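Each remark here refers to the structure printed beneath this line.
The values are calculated or read from the model by the stated rules, or taken from the named source; none is laboratory data. Computed from a predicted model, the values in this text were never measured in an experiment. Ideal geometry is used to build each Cβ from the backbone, glycine not excepted, and the neighbour counts take in all protein chains shown. Just so you know, the surface numbers come from the protein's heavy atoms only, side chains and all, with ligands and any DNA or RNA stripped out. Shrake-Rupley method; radii C 1.70, N 1.55, O 1.52, S 1.80 Å.
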Amino acid sequence: MDTGVGIHLAAADFSSNFVDWLPGFIYDFTTGSAISNSGTPLLCGRTTTARQVGPSGAEYSVAAGTVRFARNRSTGVILGLLAEPAATNQFTYNSDLTQSYWTKHNCTVSLSSTLGTDGVGMYKIAEDNTNTYHGIPSPTYSLNANGYVSCRVYAKAAERSYIYTEIGFFGGSGGAFNATINLTNGTYVTGGTVTGRINVVACINGIYLIEMTASGASVSATTARFSMLTSNGTTNTYTGTTGSGVYVQYPQYEISPRSTS
């Protein structure tokens, strides 16, 4: 090591003149253990229950204060410790899409026997035969100043193998960020007048997690909503086939000064 004053120390000087140092706690975040090598547990300050992905790729709930780990959603392999900022889902009925809270446009919504990543039935958005769009837009919610809207939903192909998702802004200059997602391979095409980001993650049982985020600051919007529509792969506006549709589950809508999804 060159000290800058002409003194050169060989590696042997360190190995022979310094006491070996070992950390008091060692946590291996690839094993799923929240216990250190010395038996000290890793603490978590979360005060609510939360969900995580298990070894099989299935999701389940864990108690408040339980440390969580991120996993590959299709293989269950641990990627590391899961750390994320606090977030509130604005949707009142994200686990029951049959509620009148969700306005059905040219479609029906019903609980199906197709199971989601947590073993709970997904909801089917099924078209009617009118020549228009088919799906469910959410209620609108106010935005923080210069804030982001982050939305997500689980989706799976049924008779339709495409879903159209959109974050739409209202007030100011309006605008939207949208995407058409192929539910057979996870590829997608984005569009709209607002710049946004999208992430599509393959989960178990042919299910995809779709995550989108966009900022209302670029359009001076005051409210935004999240829409989930069936698509024929080319457009979301077409003459529907009665009963054809896609499966969806657990839509989520967060408002924050940054992207959190």
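Ranked by solvent-accessible area (1.4 Å probe, protein heavy atoms only, all chains present), the residues Thr98, Thr195 order from largest to smallest as Thr195, Thr98.
When only Cα pairs below 8 angstrom with a gap of at least 6 residues are kept, the chain shows a relative contact order of 21 percent. Result for the chain in a Gaussian network model with C-alpha springs under 10 Å: among Arg152, Arg197, Arg51, the largest mean-square fluctuation is at Arg51.
Take every Cα pair under 8 Å whose residues are at least 6 apart in sequence, average their separation, divide by the length of the stretch 49-204, and the relative contact order is 15 percent.
Of Leu229, Leu81, Leu97, the residue with the greatest mean-square motion in the GNM of the chain, using alpha carbon springs below 10 Å, is Leu81.
Normalising by residue count, the stretch 45-173 has a Cα convex hull of 161 Å³ per residue. Highest mobility in the GNM of the chain, judged by mean-square fluctuation with C-alpha springs under 10 Å and restricted to Glu84, Glu211, Glu159, is found for Glu84. With coordinates expressed along the principal axes, the C-alpha atoms belonging to the stretch 156-260 extend over 38, 31, 21 Å, beginning with the largest. Shape analysis of the stretch 25-118 based on the Cα gyration tensor places the equivalent ellipsoid semi-axes at 34, 16, 9 Å, largest first. Return the label of the correct value of percent of Cα pairs over 27 Å apart, as calculated from the structure shown, out of (1) 37; (2) 42; (3) 47. Recomputing percent of Cα pairs over 27 Å apart here picks out (3). Protection proxy ranking for 39-48, 102-111, 122-131, using the average of other Cβ atoms within 10 Å per residue and placing the highest first: 122-131, 102-111, 39-48. With R₀ fixed at 35 Å, the C-beta to C-beta distance from Leu43 to Ser142 puts the FRET efficiency at about 0.50.
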